[in-house]
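Below is one structure, written out as structure tokens; the observations come after it.
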Amino acid sequence: MAKPAVDADVIKMIPMKKSILLLLLLVSATAYSQDYPVKVLDEKEVDFLFNYYEQDGNHSPVTGGIGSEKLDCMTPLTIVTVPFDTLNTISVSVGLDYYTSASCDRIDRFITSASSQYLSAASSRDTRTHFDATYSRKNIEATNDKGIMVGFSNEFDVNSFSTGLHYTLSSKDENRQLGLKATAFYDVWKLIYPGEFRNGDEYRYGNDETDYDKDSRLTSTFTATWSQVLTRNLQFLITTDVVYQNGILNSPFHRVYFNDGYTVLNPDTNWMLVAKTMRPEKLPRTRLKIPIGLRLNYYLADRVSLRLYYRYYFDDFDIRSHTFSIEVPVKVNSWLSVYPLWRYYEQTAAKYFAPFGEHALTTSWEPAEEFYTSDYDLSRLINRKYGGGFRISPVYGIHKWKFKNNSLVFKTIEGRYAIYRRSDGLRAESVSINFGFVF
Amino acid sequence: MKKMMFIFFIALLSLASCVQVKPYQKAHLNQEDMKLSTRKVETFDNSIESYREGSSGATGGKTGGGCGCN
């Protein structure tokens, strides 16, 4: 008679053991997932991003290196990534840049009221739309990934078409990765010259497609990357681009004023500027650019990591630059991470740059140099950036909507704020936010 | 400067063969903040900097196309 009693005890014990075991598993799984985010391979991702940027300065190239650079830009961007299976993925991004620019409003600065109907109002604001699509395919062992991309962007004076190929090769232990990418951008520009030059027969003006001559630019880029895991807390990535551009490299509506002896005391009111010798910016039709970047990420301590970046750049315009940036992400808890950021950038001037009124003239009042610009983006400068960011990303998402056969998870909010202070007085601010969903 | 960079790169590459990190040892490396790619919200900053500075590239982003790009 004792046997059934033992059996009964055993029967009672099993569920109890099971529930303790289940509880332990759940606790450990929760702890594990808090430390190590779980990635579900088949998730489709949608990111809604938005950026607001504003700047102000006093060296606009449209007015020859003097005058307002005030600009505001709003940029919504949507990125959709859809893996069809574990091997094939398509990613599409669609975006819009809407900007208002005080300096572009000065393309027709001194033109008559008759001609001001054309560009003045229209050029003070513009919208750029862009679309990019990438198809990637991994091999079965997932040691390589190859793909193709196409893109298009459109704004009033520029249409851009792009295409590219990429190939990534990973070691079996995924500690090393080699990436190769080739891209080509073909841009078609409407030649919009400063208003002073569009009065005669030499340059046209108007708002129709046929009112402008066109020119093109081909940008070919070859990119090689090498990433390497060094220790369980340290990894790096080296990136090198070789960029070759051929075609129009100047902005035709940028003015360059020459040293002709006329002094302009107040460029906003002094009409001596009308008489001052001016030409549209002129730059060579080819440019070779080589940047080399190194990113180093180090898990410094529990909850704290370091993201370091350095880039050296040189080109045949004689610009040399150094960029250094640091971010220190701190994991406040399982769902919130915050980071301060700092970036330092310095460059030498392009050999074709001179400030307003300093480019030389010959005795016959022609430009003494073949190429000339007063664009302060090509001047000797230091650009400092300060800011910070955050990422809210709970393990199970911020919110979940369930549908009949699927669910939509609001997974992440990311924000970033940055202030720019350029040594020539340009001040800028940028705010970015990303709402990430998976389904 | 160039010499120092060269030595730094060689030192980094020589470190590469020192440690073999197993997949289960990559808990720290797999965290979102440790990823080597640029953050999605950083895309805009890269774009702004390519407009307002004479140099661009080696950021994993776009290297041409459209008005303002140099």
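No lab work stands behind these numbers, since they all come straight from the coordinates. Treat the numbers as computed from the prediction; the structure is a model and nothing was measured. Every residue, glycine among them, receives a Cβ derived from its backbone with ideal geometry; neighbour counts consider all protein chains shown.
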Here the gain from full extension of A:PHE131 to A:LEU96, 0.36 nm per residue of separation minus their alpha-carbon distance, amounts to 11.7 nm
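Where does each of A:ILE398, B:ILE48 land when they are ranked from fewest to most other beta-carbon atoms within 10 angstrom?
A:ILE398, B:ILE48
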Rounded FRET efficiency, nearest 0.05, which uses the C-beta distance separating A:GLU45 from A:GLU366 and R0 of 60 Å:
0.55
Among A:PHE390, A:PHE371, A:TYR313, the residue whose Cα sits farthest towards the positive end of the charge dipole of the stretch A:313-439, when +1 is placed on the Cβ of each Lys and Arg and -1 on the Cβ of each Asp and Glu, is A:PHE390
HN-Hα J couplings of the stretch A:218-225 from phi, Karplus 6.51/-1.76/1.60, θ = phi - 60°, integer Hz, Gly and Pro as x?
10, 10, 10, 10, 10, 10, 10, 10
Spelling out what I want: for every residue of the stretch B:37-46, take phi, set θ = phi - 60°, compute 6.51 cos²θ - 1.76 cosθ + 1.60 (Karplus), and round to whole Hz; glycine and proline get x.
6, 6, 5, 4, 6, 7, 3, 5, 4, 4
If r is the Cβ-Cβ distance from A:TYR344 to A:ASN139 and R0 is 56 Å, what FRET efficiency results, to the nearest 0.05?
0.85
Just rank A:LEU308, A:LEU237, fewest to most, by other beta-carbon atoms within 10 angstrom.
A:LEU308, A:LEU237
Along each principal axis of its Cα atoms, how long is the stretch A:299-391 end to end? Whole angstroms, biggest number first, please.
72, 20, 14
How many angstrom separate the Cα center of the stretch A:284-343 from the Cα center of the stretch A:346-414?
14 Å
Quick one: check the C-alpha center-to-center distance for the stretch A:172-189 versus the stretch B:31-52, whole angstrom.
16 Å
By counting other Cβ atoms within 10 Å of each Cβ, how are A:GLU346, A:GLU366, B:GLU49 ranked from fewest to most?
A:GLU366, A:GLU346, B:GLU49
